[in-house]
Amino acid sequence: MPEQTVTQLKVDDLHLWFGGVAALTDLDLEVRKGEIFSLIGPNGAGKTSFLNCVSGLYKPQRGTITFHDQDISRLRAHHRARLGISRTFQKIELFKGMTVLDNIRLGRHLYMKTGLIDGALWVGPASREEIQHRNFIEEAIVDLLEIEHLRDQVVHMLPYGLQKRVELARALALEPKLLLLDEPMAGLNLEEVEDMARFIIDINEDPRWEVTCVLVEHDMGVVMDISDRVAVLNFGVKIAEGVPQEIVSDQAVIQAYLGEIEVYATRR
Amino acid sequence: MPPAGNPHHLEITLTGEMTLPKLLLHTASVMGRERIALREKEFGIWRPITWGHYLENVKQIGLGFVALGLQPGEKVALIGDNRPEGLFSEMATLAVGGVVVWLFQDALIDEVQYIVDHSDAKFLIGEGQEEVDKGLTIRDQCPKLQRIIWDDRKGMRRYTDSMLISLDEVKRLGRELDAQQPELFNRLVAQGRAADICLLFYTSGTTAKPKGALLTHFNMLMMGQNMMRVDAYRQSDDFVSYLPFAWIGEQMMSISCGLQAGFVINFPEEPETAQENIREIAPHMLFAPPRIYEQMVRNIQVRYLDSPFLKRKAYELGMAIGYRVADRKLARQPLSLGWRLLRLAGELLLFRSLRDHLGLSRIRHAYSGGAALGPDHFRFFHAIGVNLKQIYGQTEIAGISVLHRDNDVKFDTVGKPIPETEVKITPEGEIISKSPSVFKGYYKNPEATAEALRMGSDDSGPWLYSSDTGFIDGDGHLVVFDRSADIMTLVNGSKFSPQYIESRLKFSPYLQDAWVLGDHRPYVTAVICMAYNVVGKWAESRNIAYTSYMELSQKPEVYQLVGQAISEVNRYLPEAARIRRFVNLYKAFDADDDELTRTRKLRRRFLEERYQDIVHSLYSRKDFVHIETTITYEDGRIANIKTSLRLEEVSG
């Protein structure tokens, strides 16, 4: 893989606290365009808080977040989505009563330009637009994630592993430049983990996508296999950053975390 | 037997010149290049492929193979799901004089290696990454293999091995060659002769290593022609190709019959969507092994169990009518006016919606072949108005030789020989047949060939020895016993048919597979594999917690459920043949574990060996048997299993 050096996401001096509890302290991170960047650390280290800061759900008290050289620190979540930041959640946040396709279509909402009246009349631009979106969803998402057999299933009827896949599909419908993945492997069995890892690599490498991924994950096997770089958080502080081989042998990481790696890596 | 029945309006004279590729050219020109030959569901939409497009693909791929060095008579192995590219590649190989070897899509590495090596295949054509990986794994053991060809780009970005080549690239090579030598393709097709080998077809033996049956163009074409003299197919018909091309039944429909009749072949989007896609197409004919029909019945039964009271009652009433009408019809007794009206009511209320759910709303001919289908399943389909018929044959006779005629169907027979086919029973009871479709022998296996093909007293071609036993009944129908000893004998001398009991057991929606034992033993017993989905759902609705197949199978409630299903069957069995003890196995039988053939027949001898502890315990007084075994997953990981299985008496 060619070395990527364009910075896509830059975080400077980020501080986030809830009352007296510091969730993130003086965090500096740089995610390069086209890489899979993983964030690891013990429970409560601030990994999900970081994703929430980037996607706009949390307002950090200090620091700046720059996306493609644009300061997005003050932007609302939906503005950040429009810039190309998309995410999945640790606990599935789908519309459970809707079908798989409808959930994915909702992810396209941002790109719908025709209005209510056009849509109701279903003439000219409205139907053309919908056909375009349909093609995109089918060719770029449904085919990639192999969910052809689920299109018309209602989400809450699906097993957990497939719901995770649908959530990824919805995040992709936004055509993100940056994808934030919050524990995509949690709760999956071995086969599903392998599938999910393959999808993330596809999304990252496929010329149609080439999406930069920020991955928060406890499954060390996956993290070390697919990441280009890894950063380690402990109590809201970054204690290490580097390529996977460096992280595995880093003394500070071993002290803070490696004792637990065995626990987290039991699937391997 | 003289050729008779419904002469088919497209029927051609099969000369010594005619081959499958020549027929493709012929049919494409008769049908016109713009007419639809195939359909494939892709990106959620059925996309038509015209005869012109079909032919163009065959030409480009075929010439591409020539450019890559394929010589007439050389073998090309194919593996992958049913898709147009598979059909194109097969016809392309045949067009330039090659021989096609199909592999089951889910074949394990060892099987792929054995067949690719034994067949001397020069190319391996896989669908995508999975098949390419298999090819790359075995190539060091298969020195004759020169190229691995793939057509699905997904996951193939990082593969740069020089042995790999994409089907698009093959087509490009073909177009180049065509530009240089525009006459080449037609010349190569014209060189083919009816007596040339077209398929090297590996049979999934229940006992030994697969054997490669050599079939000629003439074999395949005659089989299709004679079959369609019994049941005519039309150009306007639709057929869904979703069973493995490595199964002779699929070759028979898609190639032997498809090219002659010119019906539209539809390919499902993914194997997982096949059932849904069948319903969308509603094919006019279906040829499937018993497991497909068993699954259909199970689907309906499960929906029935889930239905509210009123719907259940309507179903029960409708089915009672359906069964009565079917029984009279099968006994060839006339229906009174009253019953006709009742049947009409059943049709409006129930049967047509059941058929629609199963994708059988337009079905004219449904065939079951490959193994015996139980009488309960058979009656079910006739009750809902599906013209289900048994077929008998083997790969060695290009698919089928015997089938039921419309309105002359009996549960326990497989019907009468198709035209130009003779079927006889040897004094030892073995079924032997003779027809223009009898194969040429096994590849590199003269002993097995001599065993299967024996000359009769006259010079009219060899008889095919099937190693099946059976007899011909008073109506001229063939009755086939199960391959591996249909009739077993208890120590006290009473006889029973394990296969018959198994098929009746499988009518219960809760039982996926059953293995009945008792040969040279004091009584009959059964090893049961429950249907995980159905029993799982049943357990959930009763708040029975479980985490795995193994745990669920050992629940006392599940034993009770299975015990009831067995007693139900026992009621209709003679005293001696009743199942006395049974055990719920901790897993389902699987072809990957060699427990079943790829066509899902039990491999009894292997099972006896593998589960000897369980078998032993079934014939002891023990209530539990301790199991320690290993399971090998598809990716090669091995898991140890330690558990105790309960053995239970059947009550009642």
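Here are some conditions: (1) out of contact with any Phe, Trp or Tyr (no Cβ under 9 Å at 6 or more places or on another chain); (2) more than 28 Å from B:I400 (Cβ to Cβ). B:R279 meets all but one. Which one does it not meet?
Only one criterion is unmet by B:R279, namely (2).
I'd like the full set of residues that are crowded, with 19+ Cβ neighbours inside 10 Å and more than 17 Å from B:T203 (Cα to Cα), limited to segment B:599-616. Before the answer, list the steps.
Within segment B:599-616, the first condition is being crowded, with 19+ Cβ neighbours inside 10 Å, and the residues that meet it are B:599-604, B:607, B:611, B:614-615.
If the condition is that a residue be crowded, with 19+ Cβ neighbours inside 10 Å and more than 17 Å from B:T203 (Cα to Cα), then B:R604, B:L607, B:Y611, B:I614, B:V615 are the ones that fit.
Looking at B:A274, B:A246, can you tell me which residue is under 16 Å from the mean Cα position of the chain (by Cα) and within 14 Å of chain A (Cβ to nearest Cβ)? Break it down stepwise before answering.
Details: B:A246 fails: within 14 Å of chain A (Cβ to nearest Cβ).
Unique residue meeting the criteria: B:A274.
Would segment B:150-161 turn up any residue that is hydroxyl-bearing (S, T, Y), at pLDDT 95 or above and more than 25 Å from B:A448 (Cβ to Cβ)?
Taking segment B:150-161 as the starting set, the residues that turn out to be hydroxyl-bearing (S, T, Y) are B:159-160.
If we keep only those that are at pLDDT 95 or above as well, we get none.
No, segment B:150-161 has no match at all.
On the given criteria, is B:A591 in contact with a helix residue (DSSP H, G or I) (Cβ under 8 Å, 6 or more places away or on another chain), surrounded by 14 or more Cβ atoms within 10 Å (Cβ to Cβ), of a type in the set (G, A, S) and on the phi < 0 side of the Ramachandran plot?
Details: in contact with a helix residue (DSSP H, G or I) (Cβ under 8 Å, 6 or more places away or on another chain): no; surrounded by 14 or more Cβ atoms within 10 Å (Cβ to Cβ): yes; of a type in the set (G, A, S): yes; on the phi < 0 side of the Ramachandran plot: yes.
So B:A591 fails the test.
For segment B:64-172, list the strands (runs of 3 or more DSSP E) that sit wholly inside it and hold at least 3 residues that are within 30 Å of B:N266 (Cβ to Cβ) and under 28 Å from the mean Cα position of the chain (by Cα); which are they? Write out each step before concluding.
Working: elements: B:75-79, B:99-103, B:121-125, B:147-150, B:164-166.
Hits in segment B:64-172: B:75-79, B:99-103, B:121-125, B:147-150.
Yes/no matrix, rows are residues, columns are (1) under 27 Å from B:L124 (Cβ atoms); (2) touching a Cys at 6+ places or on another chain (Cβ under 9 Å); (3) not polar (S, T, N, Q):
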| position | (1), (2), (3) |
| --- | --- |
| B:Q191 | yes, no, no |
| B:A232 | no, no, yes |
| B:A246 | yes, no, yes |
| B:E250 | yes, no, yes |
| B:S256 | yes, no, no |
| B:I265 | yes, no, yes |
| B:T273 | yes, no, no |
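Six or more apart or on different chains, Cβ atoms under 6 Å: show the pairs whose first residue is in segment A:116-142 and at pLDDT 85 or above and whose second is surrounded by 11 or more Cβ atoms within 10 Å (Cβ to Cβ) and among the β-branched types (V, I, T).
Close Cβ pairs satisfying both conditions: A:E129/A:T114; A:I137/A:I104.
Would a scan of segment A:217-233 turn up a residue that is within 13 Å of chain B (Cβ to nearest Cβ), buried (at least 22 other Cβ atoms within 10 Å of the Cβ) and at pLDDT 90 or above?
There is no residue in segment A:217-233 that is within 13 Å of chain B (Cβ to nearest Cβ), buried (at least 22 other Cβ atoms within 10 Å of the Cβ) and at pLDDT 90 or above.
When the residues of segment B:160-178 are narrowed to those that are of a type in the set (V, I, T) and buried (at least 16 other Cβ atoms within 10 Å of the Cβ), which ends up farthest from the other protein chains (Cβ to nearest Cβ)? Steps first, answer last, please.
Within segment B:160-178, the first condition is being of a type in the set (V, I, T), and the residues that meet it are B:160, B:165, B:170.
Right, trim to buried (at least 16 other Cβ atoms within 10 Å of the Cβ) and you get B:165, B:170.
On the way: B:I165: 20, B:V170: 22 Å.
Among those residues, the one meeting the criterion is B:V170.
Could you tell me which of the residues B:R343, B:R303, B:R362, B:R355 is under 26 Å from B:I281 (Cβ atoms), basic (K, R) and surrounded by 15 or more Cβ atoms within 10 Å (Cβ to Cβ)?
Details: B:R343 fails: under 26 Å from B:I281 (Cβ atoms); B:R303 fails: surrounded by 15 or more Cβ atoms within 10 Å (Cβ to Cβ); B:R362 fails: surrounded by 15 or more Cβ atoms within 10 Å (Cβ to Cβ).
Going through B:R343, B:R303, B:R362, B:R355 in turn, the sole match is B:R355.
Does A:E191 count as within 14 Å of chain B (Cβ to nearest Cβ) and closer than 30 Å to B:N277 by Cβ? Lay out the reasoning, then the answer.
Values: within 14 Å of chain B (Cβ to nearest Cβ): yes; closer than 30 Å to B:N277 by Cβ: yes.
Here the answer is yes, as A:E191 does meet what is asked.
Restricting attention to segment A:127-157, which residues are crowded, with 19+ Cβ neighbours inside 10 Å and away from every other protein chain (no Cβ under 13 Å)?
A:V155
Which of the residues spanning segment B:132-159 are within 14 Å of another protein chain (Cβ to nearest Cβ) and surrounded by fewer than 19 Cβ atoms within 10 Å (Cβ to Cβ)?
So in segment B:132-159, the residues within 14 Å of another protein chain (Cβ to nearest Cβ) come out as B:133, B:152-159.
Of everything in segment B:132-159, those that are within 14 Å of another protein chain (Cβ to nearest Cβ) and surrounded by fewer than 19 Cβ atoms within 10 Å (Cβ to Cβ) turn out to be B:D133, B:R153, B:K154, B:G155, B:M156, B:R157, B:R158, B:Y159.
Sort out which residues of segment B:497-531 are in contact with a Lys or Arg (Cβ under 9 Å, 6 or more places away or on another chain), in a strand (DSSP E or B) and more than 18 Å from B:Q295 (Cβ to Cβ), and write them in order of number.
Residues satisfying the conditions are B:W515, B:L517, B:V524, B:T525, B:A526.
Would you pick out the residues in segment B:539-556 that are assigned to a helix (DSSP H, G or I) and in contact with a helix residue (DSSP H, G or I) (Cβ under 7 Å, 6 or more places away or on another chain)?
Here is the first cut: in segment B:539-556, the ones assigned to a helix (DSSP H, G or I) are B:539-541, B:549-553, B:556.
Across segment B:539-556, the qualifying residues are B:A539, B:Y549, B:L552.
Would you confirm whether any residue within segment A:230-248 is under 17 Å from the mean Cα position of the chain (by Cα) and either within 24 Å of A:R134 (Cα to Cα) or not β-branched (V, I, T) (or both)?
Within segment A:230-248, one or more residues are under 17 Å from the mean Cα position of the chain (by Cα) and either within 24 Å of A:R134 (Cα to Cα) or not β-branched (V, I, T) (or both).
Which one is farthest from the other protein chains (Cβ to nearest Cβ) among residues in segment B:53-84 that are farther than 23 Å from B:R175 by Cβ and in contact with a Pro (Cβ under 9 Å, 6 or more places away or on another chain)?
Applying the filter and picking the extreme gives B:N82.
Check A:V243, A:V253, A:V248, A:V193 and return the single one that is within 18 Å of A:G46 (Cβ to Cβ), in the same structural domain as A:N43 (by TED's automatic domain parsing) and in contact (Cβ under 8 Å) with a residue 12 or more places away in the chain.
Details: A:V243 fails: within 18 Å of A:G46 (Cβ to Cβ); A:V248 fails: within 18 Å of A:G46 (Cβ to Cβ); A:V193 fails: within 18 Å of A:G46 (Cβ to Cβ).
After applying the criteria, what remains is A:V253.
Could you list, in sequence order, the residues of segment A:224-251 that are touching a strand residue (DSSP E or B) at 6+ places or on another chain (Cβ under 9 Å) and of a type in the set (S, T, Y)?
A:S227
For segment B:37-52, which residues satisfy the criterion of being more than 14 Å from every other protein chain (Cβ to nearest Cβ), surrounded by 16 or more Cβ atoms within 10 Å (Cβ to Cβ) and either in a strand (DSSP E or B) or among the polar types (S, T, N, Q) (or both)?
Result: B:A37, B:L38, B:R39, B:I49, B:T50.
Answer with yes or no whether A:R82 is within 14 Å of chain B (Cβ to nearest Cβ), among the basic types (K, R) and under 19 Å from A:L179 (Cα atoms).
Numbers: within 14 Å of chain B (Cβ to nearest Cβ): no; among the basic types (K, R): yes; under 19 Å from A:L179 (Cα atoms): yes.
The answer is no for A:R82.
Tell me, yes or no, whether segment B:526-543 has at least one residue that is over 25 Å from B:V297 (Cα atoms) and either surrounded by 16 or more Cβ atoms within 10 Å (Cβ to Cβ) or more than 28 Å from the chain's Cα centre (by Cα) (or both). Write out each step before concluding.
First, pick out the residues of segment B:526-543 that are over 25 Å from B:V297 (Cα atoms): B:543.
Then keep just the ones that are either surrounded by 16 or more Cβ atoms within 10 Å (Cβ to Cβ) or more than 28 Å from the chain's Cα centre (by Cα) (or both); that gives B:543.
Scanning segment B:526-543 turns up at least one residue that is over 25 Å from B:V297 (Cα atoms) and either surrounded by 16 or more Cβ atoms within 10 Å (Cβ to Cβ) or more than 28 Å from the chain's Cα centre (by Cα) (or both).
Need the failing condition index for A:L181 against (1) more than 13 Å from every other protein chain (Cβ to nearest Cβ); (2) surrounded by fewer than 18 Cβ atoms within 10 Å (Cβ to Cβ); (3) closer than 21 Å to A:H218 by Cβ, just the number.
Of (1) more than 13 Å from every other protein chain (Cβ to nearest Cβ); (2) surrounded by fewer than 18 Cβ atoms within 10 Å (Cβ to Cβ); (3) closer than 21 Å to A:H218 by Cβ, only one is false for A:L181: (2).
Among the residues of segment A:103-116, write down those that are within 20 Å of the chain's Cα centre (by Cα) and either more than 16 Å from A:G84 (Cα to Cα) or hydrophobic (A, V, I, L, M, F, W, C) (or both).
First, the residues of segment A:103-116 that are within 20 Å of the chain's Cα centre (by Cα): A:103-111.
Result: A:N103, A:I104, A:R105, A:L106, A:L110.
The values are calculated or read from the model by the stated rules, or taken from the named source; none is laboratory data. Worth saying up front: this structure is predicted, and the values here are computed from it rather than measured. Cβ: placed from backbone, ideal geometry, glycine included. Neighbour counts: every protein chain shown.
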